[in-house]
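Written out below as structure tokens is the structure these notes cover.
The values are calculated or read from the model by the stated rules, or taken from the named source; none is laboratory data. Keep in mind the model is a prediction, meaning the values are calculated, not measured. Here Cβ is always computed from backbone atoms with ideal geometry, including for glycine, and neighbour counts include all displayed protein chains. These accessible areas exclude ligands, DNA and RNA; they are computed on the full protein's heavy atoms, side chains included. Shrake-Rupley method; radii C 1.70, N 1.55, O 1.52, S 1.80 Å.
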Amino acid sequence: MPISASSPEHEKPSLNHRQPGSLASENGHLIIQGDWTLADYKALKKRVEANSDQQWAAERIDLKGLGQVDTAGASLLTTLLGPDTLISLTKQDGNTPTTLPQEQSALLHAVADAMREEPSPEPEGLTPVAEFLTETGKRVAAVWHLAYLLSGFVGQIIATLVVILPRPSRWRVTPFVAAIQATGLNALPIVALLTFLVGAVVAFLGATVLKDFGATIYTVNLVAFSFFREFGVLLAAILLAGRTASAFTAQIGAMKVNEELDAIRTLGLDPVELLVIPRVLAMMVSLPILTFVGIISGLVGGGMVCALALDITPTQFMAIVERDIALKHFLVGMSKAPIFAFLIAAIGCLEGFKVGGSAQSVGVHTTSAVVQSIFMVILLDAVAALFFMEMGW
């Protein structure tokens, strides 16, 4: 409803006798008259755009002839005069009384104040050192938050295992076997091929370096020692981190996007027990098997290079391994496999539960699961290497 500019003593003009809004310039003064309403918006907008390049001081603006005005007309007046100028014209105080009625002044003031663009404060520039420290702090806080969430999720998995392991009726055998096939059996060819090639490369490098010292026979020790303790479990774990952790995240994330997790909770079931525990247990079974296969394949690759390049027969190769490499090195490597498997599965499932409601979120958390899993595997392997070295194992 437009607001009339007439004084309270006069009757409001009839809609049949309304006067379209206009503006004119006389003797350096801007005279605004008539009704500035939505009915004449198109014509008034053209006049405002034609005079938009001029600026008028508040004392040179005459609003005495202003008739009815609504929010559309007030916005045009704000565009024409500027928010600050219009606000100064609508102020009502003892020093600068306005000629407009109180209701009209309030409307113009509210529209002008809403259209006023407050300049955003410019951020203070940071020095390179301060910016580096700020970014470092953010990254450290993010890593700490991830560690906090992972530790809580690991505790939830352990608590669920303690509850269901003594109760065989609650075991999910079918998902467990299916997960073993997906994470273990299907990964055997790629693990065997990769470790075979790495074993061949390690043997070739060892033979090249040790040849200068006349100690090429120790290439066998280098290959066997490295694969028993490190390469067998590490290569298998990294492959599973990229192959299986991402699959876990994508599967659980897709279920969350499709609201299947909400349906599981509505049925009174625990998603951790139903989805996480079978995957974690399957990984803890699959990775030791893949580690063993990786060790054997690495030894085969190294033995092939020794036979072709160093004239060390497979029988001599195995005799040196049996004589010089103690069983403890094999046990050290195999002992890491269940721990790596548990963490890889936990990270993959946790990232799946963190997925939002979009397909983009599934991709983001899938990538995050792979990065976190590989990082944790390498970090724990380095810590374990230092620990076993200090213990003399």
Using +1 at the Cβ of each Lys and Arg and -1 at the Cβ of each Asp and Glu in the stretch 134-217, identify which of Ile190, Leu165, Val143 lies farthest towards the dipole's positive end.
-> Leu165
Would you please classify the overall shape of the stretch 119-259 from the alpha carbon gyration tensor, given that a ≥ b ≥ c denote the square roots of the eigenvalues, rounded means a/c under 1.5, and beyond that prolate means a/b larger than b/c while oblate covers the rest?
-> oblate
For the stretch 233-388: rounded, prolate or oblate by the Cα gyration tensor [a/c cutoff 1.5] = prolate
Of the peptides 146-155, 105-114, 292-301, how do they stack up when ordered by the mean number of other Cβ atoms within 10 Å, highest first?
-> 292-301, 105-114, 146-155
Going residue by residue through the stretch 274-290, the Karplus relation 6.51 cos²θ - 1.76 cosθ + 1.60 with θ = phi - 60° gives ³J(HN,Hα) values, rounded to whole Hz and with x marking Gly or Pro, of 7, 10, 8, 4, x, 5, 5, 5, 5, 5, 5, 8, 6, 5, x, 5, 5
List Glu26, Glu273, Glu260, ordered by accessible area with a 1.4 Å probe, largest first = Glu26, Glu260, Glu273
Using amide H atoms built 1.01 Å from N in the peptide plane, name the residues 5+ places from Gln68, or on other chains, whose amide H lies under 5 Å from its own.
-> Ala5, Asp35, Trp36
Per DSSP H run of at least 4 residues, take -39500 (n - 2.57); add these up for the chain, divide by its residues and hand me the 222 nm value, nearest 500 deg cm²/dmol.
-> -21500 deg cm²/dmol
Which order do Arg167, Arg229, Arg243 take by accessible area at a 1.4 Å probe, largest first?
-> Arg167, Arg243, Arg229
About the Cα centre, charge dipole magnitude for the chain (Lys/Arg +1, Asp/Glu -1 at Cβ), debye | 1760
Please determine, in degrees from 0 to 90 and to the nearest 10, the orientation of helix 102-115 with respect to the longest principal axis defined by the Cα atoms of the chain, where the helix direction is its Cα long axis.
-> 30
Accessible-area order (highest first, 1.4 angstrom probe) of the listed residues Met318, Met255, Met389, Met283 | Met389, Met318, Met255, Met283
Dipole magnitude of the stretch 209-298 about its Cα centre, charges +1 at Lys/Arg Cβ and -1 at Asp/Glu Cβ only, in debye to the nearest 20?
-> 300
Taking all protein chains as present, what is the carbon and sulfur share of the accessible area of the chain, in % to the nearest whole number, probe 1.4 Å?
-> 64
Along the stretch 66-82, Karplus-curve 3J(HN,Hα) (6.51, -1.76, 1.60; θ = phi - 60°) to the nearest Hz, with x for Gly and Pro, reads 5, x, 6, 8, 10, 5, 5, x, 5, 5, 5, 5, 5, 5, 6, 8, x
For the chain, percent of DSSP beta bridges that are antiparallel (nearest 5) comes out at 50
Of Met255, Phe292, Leu274, which is farthest on the positive side of the dipole of the stretch 246-359, counting Cα position, with +1 on Lys and Arg Cβ, -1 on Asp and Glu Cβ, and the Cα centre as origin?
-> Phe292
Name the shape class, rounded, prolate or oblate, that the alpha-carbon gyration tensor gives for the stretch 301-349, where a ≥ b ≥ c are the square roots of its eigenvalues, rounded holds for a/c under 1.5, and otherwise prolate holds if a/b is larger than b/c and oblate otherwise.
-> oblate
With axes computed from alpha carbons, what is the tilt in degrees of helix 327-353 against the longest principal axis of the chain, rounded to the nearest 10 within 0 to 90?
-> 20
Of every Cα-Cα pair in the stretch 157-197, the percent that sits beyond 16 Å = 56
Quick one: work out Rg over Rh on the C-alpha atoms of the chain, Rh as Kirkwood radius.
-> 1.38
Report, to the nearest 10°, how far helix 41-50 tilts away from the longest principal axis of the Cα atoms in the chain, using its own Cα long axis and a range of 0 to 90°.
-> 90
GNM flexibility winner over the chain from Thr78, Thr266, Thr219 (Cα, springs under 10 Å) | Thr78
Max mean-square fluctuation residue, GNM over the chain, Cα-Cα springs under 10 Å, options Ala309, Ala178, Ala24 | Ala24
Which one of Ala24, Met318, Gln181 has its Cα pushed farthest toward the positive end of the charge dipole of the chain, where Lys and Arg give +1 and Asp and Glu give -1 at the Cβ?
-> Met318
With +1 on each Lys and Arg Cβ and -1 on each Asp and Glu Cβ, how big is the dipole of the stretch 275-385 about its Cα centre, in debye rounded to the nearest 20?
-> 300
State the number of lysine pairs found in the chain whose Cα atoms come within less than 27 Å, restricting to pairs 8 or more positions apart or on distinct chains.
-> 12
Could you work out which residue, out of Ala72, Ala346, Ala282, moves most in a Gaussian network model of the chain, that is, has the largest mean-square fluctuation with Cα springs under 10 Å?
-> Ala72
Using the heavy atoms of the protein chains alone and a 1.4 angstrom probe, what is the accessible area of the chain per residue in square angstrom?
-> 56
